[in-house]
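Colleague: I'd like to ask some things about the structure below.
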Amino acid sequence: MLSPEEKKEIEAEFPLYPTKQAVCIDALKIVQRHRGWVPDEAVRDVAALLDMAPDELDGIATFYNRIFRRPVGRHVILLCDSVSCWIMGYERMRAHLTERLGIGLGQTTADHRFTFLPNVCLGACDRAPVMMMDEDLHADLTKERIDAILEECQ
Ligand code: FES
C-alpha cells in the first residue's frame, strides 16, 4: 500500500507530464526516497496508480540501476567498472573497498551502513577511477581518498 504521502507526491507529478505513465521513473524515485528501496508491492501499487501493467513498470524499475529492488544500506557505493576505470585502477579500488567494508560487490554490511555495487560508466572517464556515494560523484580515486569518503559517512 502506498502511504498517503507517497501517493500525494506522485499525483503532484501528473500535471508535469503528458501521460500518467510518463511519471513512472519519478514515482519509483519517490517510493525509494521514502523507503530506501522499491519492494514488489510498491511496484504493483504504483503501476495501478499509473494505469500500467505491473510487469511493464517492473521492467523499467529493473532497467535503471539507481532504482533499488532489494533493501540497501544507508549509503550506496557505485564503483565504475567500465574501461577507463579498469585501466586507471579499478581493481585496486575494488580490493580496497572490499577490505575496508568487509563485503564484496552486491553485498551490504551487517550494520546496514553501506551497500557496495558495480556500475557502468559514470561519465567522468577523464577522471578515472570513479565511484558514486549516494548522490555524490567522487573522481580521481585513491585508497586515501576512499578512506576519507568512508569516514564522512555514518
Ligand atoms: S569508465 Fe569509469 S567513469 Fe567512465
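Readers should treat all values here as calculations from the given coordinates under stated rules, not as data from a laboratory. Note that the structure is predicted; figures quoted are calculated from it, not measured. Methodologically, a virtual Cβ is constructed for each residue, glycine included, from the backbone with ideal geometry; neighbour enumeration extends over all protein chains shown.
Colleague: For the chain, find the longest principal axis of its Cα atoms and tell me its angle to the long axis of helix 24-35, 0 to 90°, nearest 10.
Modeller: Value to nearest ten degrees: 70.
Colleague: Beyond 20 Å, what share of the Cα-Cα pairs of the range 1-146 remains, rounded to the nearest whole percent?
Modeller: Values: 5631 of 10585 pairs.
So the portion of pairs separated by more than 20 Å is 53 percent.
Colleague: Starting from 0 in steps of 10 Å, tell me what percent of the Cα-Cα pairs of the range 75-152 lands in each bin.
Modeller: Reading upward from the zero bin: 21, 60, 18, 1.
Colleague: Separate question: Spin-label point model (7 Å from Cα, Cβ direction): what's the ARG70 to LEU105 distance in nm?
Modeller: If labels sit at ARG70 and LEU105, their model points lie 1.4 nm apart.
Colleague: Between LYS8 and ARG113, how high is the FRET efficiency from 1/(1 + (r/R0)^6) when r is the Cβ-Cβ distance and R₀ = 30 Å? Nearest 0.05. Before the final figure, lay out the partial values.
Modeller: On the way: r = 31 Å, r/R0 = 1.03.
My answer for the efficiency is 0.45.
Colleague: Further, regarding this structure: How large is the convex hull of the C-alpha atoms of the range 4-63 per residue, in Å³? List each step's numbers first, then the result.
Modeller: On the way: hull volume 4.4 nm³, N = 60.
Per residue, the Cα convex hull of the range 4-63 comes to 73 Å³.
Colleague: Something else now. With charges set only on the Cβ (+1 for Lys and Arg, -1 for Asp and Glu), what does the dipole of the range 75-152 come to about its Cα centre, in debye to the nearest 20?
Modeller: On the way: 7 positive and 13 negative charges, 51 e Å.
The dipole of the range 75-152 has a size of about 240 debye.
Colleague: Shifting gears a bit: Which listed residue (GLY36, ASN65, CYS85) has the Cα farthest towards the positive end of the charge dipole for the chain, taking +1 on Lys and Arg C-beta and -1 on Asp and Glu C-beta about the Cα centre?
Modeller: After comparing all options, I get CYS85.
Colleague: Treating only the Cα positions of the range 51-100 as identical point scatterers, give the base-10 log of I(q)/I(0) from the Debye formula at each q in 0.21, 0.32 Å⁻¹.
Modeller: Taken in order of the listed q values, log10 I(q)/I(0) reads -0.86, -1.12.
Colleague: GNM, the chain, Cα, under 10 Å: largest mean-square fluctuation among LEU117, LEU49, LEU28?
Modeller: LEU49
Colleague: If the chain between TRP37 and ASP147 were fully stretched, how many nm would it gain, using 0.36 nm times the residue separation less the Cα-Cα distance? Spell out each step's value before the answer.
Modeller: Details: separation 110, 0.36 × 110 = 39.60 nm, distance 2.61 nm.
This chain segment gains 37.0 nm when fully extended.
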